[in-house]
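Encoded as structure tokens, the structure appears first; notes follow it.
FYI, it's all coordinate maths here, none of it is from the lab. Keep in mind the model is a prediction, meaning the values are calculated, not measured. Note that each Cβ is placed from the backbone with ideal geometry, even for glycine, and that neighbours are counted across all protein chains shown.
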């Protein structure tokens with residue numbers, strides 16, 4: 001246990017040094033949206049209740065809204081759904097019903113706990129958001145930073161969504177991964193401990209080992225000045241893109257200029273001219289203008 005805690009502390013140190021929060025502008029027009037906070041998406045163990053909760057952001061006008069589920073980052077060891085609340089507010093103002101879930105973290109929980117929680121959040125969204133006025137057949141799954149890996153796995157390795165009776169080809173319309181790591185074997189030792197000490201598990205947990213033709217359309221985003229956390233996240237994005245292309249997958253990659261690892265996500269809903277936001281809206285087939 002002591003070794004696990006030391007490794008976890010080392011991993012937190014690497015990510016937090018590399019990914020310290022930038023000076024952020026305020027979220028635009030947050031009073032337009034009233035989130036539903038801490039909605040339980042899975043009835044697991046009582047001690048995991050908060051980690052199995054989500055914030056829900058609903059548009060105030062219209063109906064049959066498209067749906068997005070947005071998974072936060074934090075090196076699999078820290079952070080929560082509040083990290084991506086800017087996306088929740090921005091998307092809801094653009095007419096997209098958005099769910100931002102927490103998930104269980106290391107060292108208390110190793111892989112596959114994180115991807116298991118992501119697919120439970122997807123299943124809850126598919127079941128429940130239609131009751132709130134959304135069109136759950138127009139479904140975008142988004143993962144940022146550490147959240148990109150479980151999202152990519154859910155989209156590519158069908159066994160994960162199969163656990164909740166879903167299929168990525170049928171139930172995910174599109175997928176976005178932002179500034180992630182896609183090959184666990186490339187991580188330094190501290191990072192690999194999230195996925196146990198076994199190389200077979202590292203392979204199983206690596207989206208790049210599950211690339212396939214026919215996967216949901218995917219947008220890979222990276223920052224011009226993305227961080228190096230013992231592995232270059234910018235190079236990870238390129239490596240993953242090339243692997244997807246090699247099997248004929250429907251995939252696109254875009255580099256967001258003049259920003260670092262944090263700002264590639266944080267600019268959404270804060271900068272009205274944000275290229276990240278415009279790229280997301282274009283990929284989702286939406287108008288990039290925020291509502292009044």
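Could you work out, for region 104-261, what percent of all Cα-Cα pairs fall into each 5 Å distance bin, beginning at 0 Å and stopping at the bin that holds the largest distance?
2, 9, 19, 22, 20, 16, 9, 3, 1, 0
Once you keep just the Cα pairs under 8 angstrom separated by 6 or more residues, what percentage relative contact order results for the chain?
Normalised by residue count, the contact order of the chain is 18 percent.
Beta carbons within 10 angstrom, averaged per residue: use that to sort the peptides 170-180, 185-195, 33-43, highest first.
170-180, 185-195, 33-43
Just to be sure I understand the curve: with the Debye formula and one point per C-alpha of region 190-270, what is log10 I(q)/I(0) at q = 0.14, 0.17 Å⁻¹?
With no solvent term, the Cα-only Debye profile gives -0.58, -0.82.
Does anyone have the angle between helix 233-246 and the longest principal axis of the chain? Alpha-carbon axes, 0 to 90°, nearest 10?
The answer is roughly 80 degrees.
What do you get when you divide the Cα radius of gyration of region 82-197 by 2.2 N^0.38 Å, with N the number of residues?
Details: Rg = 14.5 Å, N = 116, 2.2 N^0.38 = 13.4 Å.
Dividing the Cα Rg of region 82-197 by 2.2 N^0.38 Å gives 1.08.
Output the peptides 266-279, 77-90 sorted from most to least packed, where packing is the average of other Cβ atoms within 10 Å over each peptide's residues.
Answer by packing, highest mean first, reads 77-90, 266-279.
If the elastic network links every pair of Cα atoms under 10 Å, which of 125, 196, 98 fluctuates the most in the Gaussian network model of the chain?
196
In degrees, nearest 10, range 0 to 90: what is the angle between the Cα axis of helix 2-18 and the longest Cα principal axis of the chain?
50 degrees
Can you give the % of DSSP beta bridges in the chain that are antiparallel, to the nearest 5? Intermediate values should be presented prior to the final figure.
Working: 8 of 33 bridges.
Here the share of antiparallel DSSP bridges comes out near 25 percent.
Counting alpha carbon pairs within less than 8 Å and at least 6 residues apart, what relative contact order, in whole percent, applies to region 151-277?
25 percent.
So in region 144-292, what percent of DSSP beta bridges are antiparallel if you round to the nearest 5?
10 percent
Mind pulling the angle between the C-alpha long axis of helix 113-128 and the longest principal axis of the chain? Nearest 10 degrees, somewhere in 0 to 90.
20 degrees
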